[in-house]
Amino acid sequence: MTISPSDPQTILAIVFGASKWPLCDSLPSSAAFSYSARDFITYLKSEDGLSLKSDNILDLFDLDLSSDDIDSSISSFLSERQTRLKAAGSPATDLVFYYVGHGGFSSGGQDYFFAIRRTRERNQAVSSVRVADLATTLKRDGKDLRRYLIIDCCFAAAAFSQFQAGNITEGIREKTMTEFPRKGTALFCAASKQDFAVSPAGGSHTMFSGALLDILRHGDADTESPFSLITLARLVEDRIEQLYPNTAVRPQVLSPDSRQGDIAEIPLFPNVALKSIAASGGTENRQHVEQAEDRRQRLSQFLILGTAVAIVSIIGVIWFLWSRPPRKIVLRGVHFDFEKSNIRPGDAAVLDEDARTLKAHPDLKLHVVAYCDPSEKSEVPSLEGCVQFAQRRAAGVIDYLTKEGVKNDSLIPQAVVSSESDGTSEGHARNRRVELVPSD
């Protein structure tokens, strides 16, 4: 089935997120979030951009609204605009959803959420917008729309000023695509699970949104058509590598269902460079376009082959996960002294027992989840110092288990700032622990 580009007047857009969290001290404010959101809205309205009317854009960025108010606003916006456009003879066809800010997981790690201005420190997941709830609204009120999700958010729990955890970003993609329908949805994500997504200190925009806006504003002379998400991912990756050669992070596009046409290949976003090429004309420009077309065809062939390989791999992984019984091994009773990361003598026996169990299951991959108490931050006067203690604890447990014969590549470290303390010394002590949890 051939997928054709959309009329800009039939495209709806939602811009969402925050730059400040006055009720949640662990989420650092950033002007880069605000600049990124505002400039993306400017692009949506620009004649060189999507040329959207203001009525077709829902701006929820930095609004002091509850999660319920936000859900209600999205539902009303989608219902009203689709009804009006259909009555005018131009039914809505596409939805561009852009989020920038902080994201996180619930304490149990099951639900992913987008932080909003009213996100509270003591219960971030409940006071934020859960992806599952957002997906329910979009599936119900935007079921006939092709949905493009552009996600630029960091993992807030570590409270790093410049970094967001790559493996958590992979979780963002997995959780989001699980909740949203697998037909007619594409996700453009700032990073892969192997990388850290960077928001440069002092920068006016996040690394991802800054590069994205640069490409959208100036276009690319080597691309002979409007941009699809797949094309944007390639161009944004190249621009990031040019600007940040030592810390470049690769964005990714996830489009899980292309049986009726992969919407990630739809040329939705205008390429302003085409205007100058069309105006100049001449043999040289025609040759340039022909060369670009040849590159596009070769890239398309490569993507088709890569997609086929990925589909086969995914089917194999799904079959393996479906056929084996669920397992969960939790390392209990391993705690640490205040601001210490060394294994206490009394805990060695527990680790020895877990090492024997892990060696009996060599195919099992696990997260070594190290917790620290928010009060542990003497070396660095911020939550970053607390996270450093958790990282050392994870490294200490991995080192111990490796020496006992457990494969190092089966252990994945993860640092978490615990917020479960009841304020007592016993509660703080419980936070200074390490757990071992299967990756699936």
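Each value in this text was obtained by applying a stated rule to the coordinates, not by laboratory testing. Since we're looking at a predicted model, the values are computed, not measured. Reconstructed Cβ throughout: ideal geometry from the backbone, glycine too, with neighbour counts over all protein chains shown.
Tell me, what HN-Hα J-couplings in whole Hz come from the Karplus equation 6.51 cos²θ - 1.76 cosθ + 1.60 at θ = phi - 60° for each residue of the stretch 79-91, using x for Gly and Pro?
Using θ = phi - 60°, the values come out as 5, 5, 5, 5, 5, 5, 5, 5, 5, 7, x, 10, x Hz.
Which peptide among 19-25, 360-366 comes first, and what is the full order, when sorted by highest mean count of other Cβ atoms within 10 Å?
19-25, 360-366
Per-residue HN-Hα couplings for the stretch 229-237, Karplus 6.51 cos²θ - 1.76 cosθ + 1.60 at θ = phi - 60°, whole Hz, x for Gly and Pro?
Taking θ as phi minus 60°, the curve returns 4, 5, 5, 4, 4, 5, 5, 5, 4 Hz for the stretch 229-237.
Could you sort the peptides 243-250, 221-228 by per-residue average Cβ neighbour count (10 Å cutoff), highest mean leading?
221-228, 243-250
What does the charge count around residue 118 come to, taking other residues whose C-beta lies under 12 Å from its C-beta (Lys +1, Arg +1, Asp -1, Glu -1)?
Value of the local net charge: -2.
Past 21 Å, Cα to Cα: identify those pairs from 53/139; 365/407; 86/275; 45/275; 20/45; 365/403, in the order given.
Check vs 21 Å cut-off fails for 53/139; 86/275; 20/45.
Applying the Karplus parametrisation 6.51 cos²θ - 1.76 cosθ + 1.60 with θ = phi - 60° to the phi angles of the stretch 395-412, what ³J(HN,Hα) value in whole Hz is obtained for each residue in order, glycine and proline being reported as x?
Coupling constants for the stretch 395-412: 5, x, 5, 4, 4, 5, 5, 5, 5, 8, x, 7, 5, 5, 6, 8, 10, 10 Hz.
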